[in-house]
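Q: Below you'll find the structure I mean.
None of the figures in this text is laboratory data; all of them are computed from the coordinates on show. Worth saying up front: this structure is predicted, and the values here are computed from it rather than measured. Because the Cβ atoms are built from the backbone with ideal geometry, glycine has one as well, and the counts that use them run over all protein chains shown.
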Amino acid sequence: MATSAPTPHLFANVLTRVHAICNALMAEGVLPAGIDLSRVVVEPTKDASHGDMASNAAMVLAKEAKAKPRDLAEAIAAKLRTDELVTSVDVAGPGFINLTLKTTAWANALRAVLRDGDAYGRSLVGAGEKVNVEYVSANPTGPMHVGHCRGAVFGDALASLLSTAGYDVTREYYINDAGAQVDVLARSAFLRYREALGETVGEIPEGLYPGDYLVPVGQTLATEHAGALNQMTEDKWLPIVRPKAISMMMEMIRGDLAALNITHEVFFSERSLIDGGTDMVGATIEFLRGKGDVYIGRLSPPKGKPIDDYEDREQTLFRATAYGDDVDRPLLKSDGGYTYFASDIAYHKTKFDRGFLNMVDVWGADHGGYIKRVQAAIKAVTAGKAELDVKIVQLVKLLRNGEPVKMSKRSGDFVTLREVVDEVGSDAVRFMMLFRKNDAVLDFDLAKVIEQSKDNPVFYVQYGHARGHSIFRNAREMLTDLPLETEARVAYLKNAVMERLDDPAELSLMRQLALYPRMIESAATAHEPHRIAFYLYDLASEFHALWTRGRDMPHLRFIITNDAELTKARLALVQSVVSVLASGLAVLGVTAPDEMR
């Protein structure tokens, strides 16, 4: 379908009306002039028996208005009752305002889905603000494993969600290619190089990477250098082997990510912070020193659990406590080299220097203790202008029929991402990695995610989309002029008499569809793409339930052979469900099949 600018959705429309009422009450002196309306919201009621929507207007404005919340709620409710969209308004508890809308509001909301096409759900709330989403950033020491997979999917879906909400998003990968682990990688690759030359290396020594994935690196080194590297001391061959090994590992990682349809616009090398012609880490330390945020001092001995970077000596310290951290942090190691944290400060400063005031980092579960110090550093180097939201992605427990999956032979000590994708497919991996909040441990059962049942959420949602297309194919027996091509079909259906849809289950489904744009905005604002997966499952469930009711109660079927007008209205409802399911699945990076095979 053609994409156009999104029109204001129903919840935004009602919020505009509440704001207009508040402005009218200002004019009448009930509310003080210029009162801040930014905290006023209109949201779905938690209980459908309380109405369609609720507003907190009276609750958040009462203090500044010096009024009782319930009295203010009654004043707002009195004006809402005259609104053409509203059937009834109730004031509940201390001052919540519950609204029930006329059925015409839901019919018009359905028309909006068809009218907006691909733009339905898209938002301008981001206003083009630049956002940097850094995710994966796995050490370039081997193939991606299933733990990396969750962060990769989460970050990619979040980036898509933010784009849908109107932000200007850059997807970034930070290559940790300057630490001790890449020297271990190089030594491991050198062992495979010797093996490629015909040596028997035997058991891989403790401390080196044992996986077979380094065999091709060794073979490539042997092809390019023959036996020359064997004649060199380590300090000579290490600078040759290390970049080759990193390059081949990054090529492998890009391939692993491509299997999940994940790409990054920026791959930023940690080593470039120092080797790129300018010592950006040193420059950043001097920048902070000039602000008075770096000093020479000693750290107090840790109390309770130990501090991982504690050393009882005079050190160059960042004054992290001035910016909300628990302790000040070392910037130089005892050998004079930069700490990993010092490089991290410089790296995040480059994001700010590139124009990003809004940054999101997706980290693994073992990095939770690192959040405060990096957020403190960003406050320091940006004078509080930039914000960092760190999303922690918890562990994935890989199961098959409830039993833990054994480790991979290829990798040596973990199950690779590629093995999982090859077994169950990218769609199942992506959807199920998002069908739980990111900070909760996830059980991923390889057998369950390919079941064709309601208990398998990804199947159930995709089946909803396929079922809609099946209904269209069946409807052509009655409506022979019904187009099968999407854009033409939408044009055919958008003039249907939506008011014919008056069954409670139909109205409930229409309410769910009307919720989609607001859900996109709230999920984007909260940086929570799992909300989309939950929403899609709920939408598909309501759709399947309505289809089942039609099987048991013929008058509720989507195709009524003696009533073409009602059939067209119900097909318009089906088209709207199909469109929203496809839109949400696209944000998650999951395909929307027209039929299930």
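Q: Looking at the stretch 55-123, which trypsin sites (Lys or Arg not before Pro) are in a loop (DSSP not H, G, I, E or B) and have at most 10 other Cβ atoms within 10 Å?
A: LYS66
Q: Once the Cβ-Cβ distance between THR263 and LYS68 is put in as r, and R0 is 41 Å, what FRET efficiency do you end up with, to the nearest 0.05?
A: 0.15
Q: Working only with C-alpha atoms, what are the Rg and Dmax values of the chain, expressed in angstrom?
A: Reported Rg and Dmax, both Å: 28.9, 91.
Q: Name the residues whose placed amide hydrogens come within less than 5 Å of the amide hydrogen of ASP177, ignoring near sequence neighbours (fewer than 5 apart) on the same chain.
A: Here GLU270, ARG271 satisfy the definition.
Q: Pop the C-beta distance of ALA545 and ALA491 into the FRET formula with R0 = 30 Å and round what comes out to the nearest 0.05.
A: Working from the Cβ atoms, E equals 0.55.
Q: If the cut-off is a Cα-Cα distance under 16 Å, which aspartates and glutamates reach LYS349, setting aside same-chain residues fewer than 8 apart in sequence?
A: Here the aspartates and glutamates satisfying the reach criterion relative to LYS349 are GLU134, GLU172, GLU270, ASP279, GLU286, ASP293, ASP361, GLU387, ASP389.
Q: If you filter the stretch 404-479 for GluC sites (Glu not before Pro), then keep DSSP loop positions with at most 10 other Cβ within 10 Å, what is left?
A: Counting only loop positions with at most 10 other Cβ atoms within 10 Å, the GluC sites (Glu not before Pro) in the stretch 404-479 are GLU477.
Q: Sticking with this structure for a sec: Starting from the Cα of GLU595, step 7 Å toward the Cβ, then list every residue of the stretch 426-469 with an amide N under 20 Å from that point.
A: From the stretch 426-469, the list is 452-453, 459-469.
Q: Starting from the Cα of ALA48, move 7 Å in the Cα-to-Cβ direction to define the label point; list residues of the stretch 538-553 whose amide nitrogen is under 16 Å from there.
A: Counting backbone N atoms under 16 Å from the label point, the list is 538-550.
Q: Which entries of LYS236/LYS333; LYS448/LYS494; LYS102/LYS391; LYS66/LYS379 show an alpha-carbon separation above 32 angstrom in the structure shown?
A: LYS448/LYS494; LYS102/LYS391; LYS66/LYS379
Q: Give me GLU84, GLU195 ranked fewest to most by other Cβ atoms within 10 Å of their Cβ, as a rough exposure proxy.
A: Starting with the residue having the fewest Cβ neighbours, the order is GLU84, GLU195.
Q: Straight-line reach from LYS568: which aspartates and glutamates have Cα under 18 Å away, leaving out those fewer than 8 places along the same chain?
A: Answer for LYS568, where 18 Å is the Cα cut-off: GLU477, ASP481, GLU485, GLU487, GLU499, ASP502, ASP503, GLU506, listed by chain and number.
Q: Counting other beta carbons within 10 Å of each Cβ, put TRP106, TRP363 in order, fewest first.
A: TRP363, TRP106
Q: Then there is this: Once you list every other residue whose beta carbon is under 15 Å from the beta carbon of ALA466, what net charge do they have if Lys and Arg are +1 and Asp and Glu are -1?
A: +1
Q: A follow-up question, please. So for the stretch 453-588, what percent of the C-alpha to C-alpha distances run longer than 18 Å?
A: 54 percent
Q: Can you pull the one-decimal nm distance between simple spin-label points at ASP36 and THR525, each 7 Å off the Cα toward Cβ?
A: 1.4 nm
Q: Suppose each label sits 7 Å from its Cα in the direction of the beta carbon; what would the GLU28-SER272 distance come out to in nanometres?
A: That separation, rounded to one decimal, is 6.1 nm.
Q: On a full-extension model of 0.36 nm per residue, what is the gain between ASN401 and GLN231, subtracting their alpha-carbon distance, rounded to one decimal in nm?
A: 56.0 nm
Q: Hey, another quick one. Please find the FRET efficiency linking LEU208 to GLU129, where r is the Cβ-Cβ separation and R0 is fixed at 60 Å, and quote it to the nearest 0.05.
A: Plugging the Cβ-Cβ distance into 1/(1 + (r/R0)^6) gives 0.85.
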